[in-house]
Amino acid sequence: MLTSLLTPKTAVNNKPVIELLSSSTASSEGQATEKEEESEELVNFDEDWYEPQELPSSFVLTDGQKYGFADAHSNVPALNERLYDVLQLPDPQHSSPEERRRLRHMDESTRFTSEHYLADLFEDYVSQSYLQFQPYFYSTKSKDKVKYDKQEKVALLQLPRKELLVDAGRTEAQVFVGLLSLLLSWCYNHRITEGEENIASAWNIVQLAPMLSWFDTPRSVADSVRVFVRRSVVFPLLRHFGFAQQCRTDVHTIINLGKKQVLKCLLEIRRVFSTTENFYMLNDLYITEYCIWLQSVSDDKLQALADKLKQVEVRKEDLELHLDELECVGRQAMGEDDSEGESSEEDSSTDKLTTAAVAVATNTAAAITTAAAAATSTAAVTITTTIATTTATVATTAIAANVAAGVISATVSLQKMQLQQTDLDEYCKHHP
């Protein structure tokens, strides 16, 4: 990688952020042994990396709580002010990991809106359009085909020239799980914007990555996916369970393309944050060091992460939002059967009624105009009246049937528009 090549060989950090796996003073024999052990030992993604620690009651925490890449930062001055309207955690300097997780979970449960979720579920033509979008990396056939563009090469050259090797074990597992959380949020934003960044991109990524919005790194691969899906049906504009599952498939494809493709995603996140007000601080705490660290990660470890991700299954009941019960009530209110096939048939029938009503109304107007033009005698007037009455009756009947069939769909669409406008107003209020 460019950053690694530009790093001076004699450069030594006076106060290393994280522990190095090897030392330059070790003997050549010892270095060979350590290198061999490192290549054989992969990250244990099955184990919950987090281990709670208990401190004596008289212990005074002088360094503050940890956060950032590999929990290497603490006591950053004016953190809440510099991350205003970005960081949701009220007191990051004194909140323990357990407290962050508890507050985040409570916030998600409070902000979940059943009306918005059901609107996106039953009026899924919007989600289907995004699901049909084909991200650019699907056309890349192999790792060798992944190339950096000019802008990405410049960004790599601008990265700090230092070496970051995380301690093998729990710290390394934590960093990999955090990487997965970043990729999931990037894939959501990439699909929802169809590959074009906009003013909401930074907000989308932060809201869907609890590590960025709450300094709460998920504790396993399964937990990372579960938390992402849960937040995806609570915060963003499109709240669709199937859409979130597709994002997981996108991440699996990206990781299989190797660390170059993964690094391209991180560089885009870094660029988005650097150009969005109040978000740049997250680059200093997380993204920049992730970009440096990733260049030294072995392909075997990334492949192990991809294999573990593929095994994860997230069900709606795992989200603890009662989605199954909510959907059942919604289908009953909509007069639908639980079967998707019957739901599709009803939508098709509604569309046919709408088309028929429009056709009848058009024919009615044409018939009345023609009859009126020909009304030069009493007989003609009588014929005109008869035609108008008959066609108007047919049109009234058809339109009434159409209204009855489409009133529920219209109600749901109206609710969705209102909710989307509310979300947009709220975002614009904080991002003028």
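Every number here is computed from the coordinates shown, using simple stated rules; none is lab data. These numbers were taken from a predicted model, which means no experiment stands behind them. FYI the Cβ positions are ideal-geometry reconstructions off the backbone, even for glycines, and counts take in every protein chain you see.
Using a cut-off of 15 Å between beta-carbons, work out the net charge of the residues near Thr193 (Lys and Arg +1, Asp and Glu -1, Thr193 not included). Overall, the nearby charge balance is -3. Judged by the mean number of other Cβ atoms found within 10 Å, the most tightly packed of the peptides 237-243, 137-143, 195-201, 289-295 leads the ranking 289-295, 237-243, 195-201, 137-143. Report note on the peptides 316-327, 270-281: ranked by the mean count of other C-beta atoms within 10 Å, highest first, their order is 270-281, 316-327. Between His322 and Arg82, the FRET efficiency estimated from the beta carbon spacing at R0 = 51 angstrom works out to 0.85. In this structure, the pairs whose alpha-carbon distance is over 30 Å, taken from Lys150/Lys301; Lys264/Lys310; Lys141/Lys301; Lys153/Lys316; Lys66/Lys259; Lys145/Lys301, are Lys153/Lys316. The stretch between Lys162 and Leu237, if pulled fully straight at 0.36 nm per residue, gains 23.1 nm over its current Cα-Cα span. The order of the peptides 168-174, 179-185 by mean Cβ neighbours within 10 Å, most packed first, is 179-185, 168-174.
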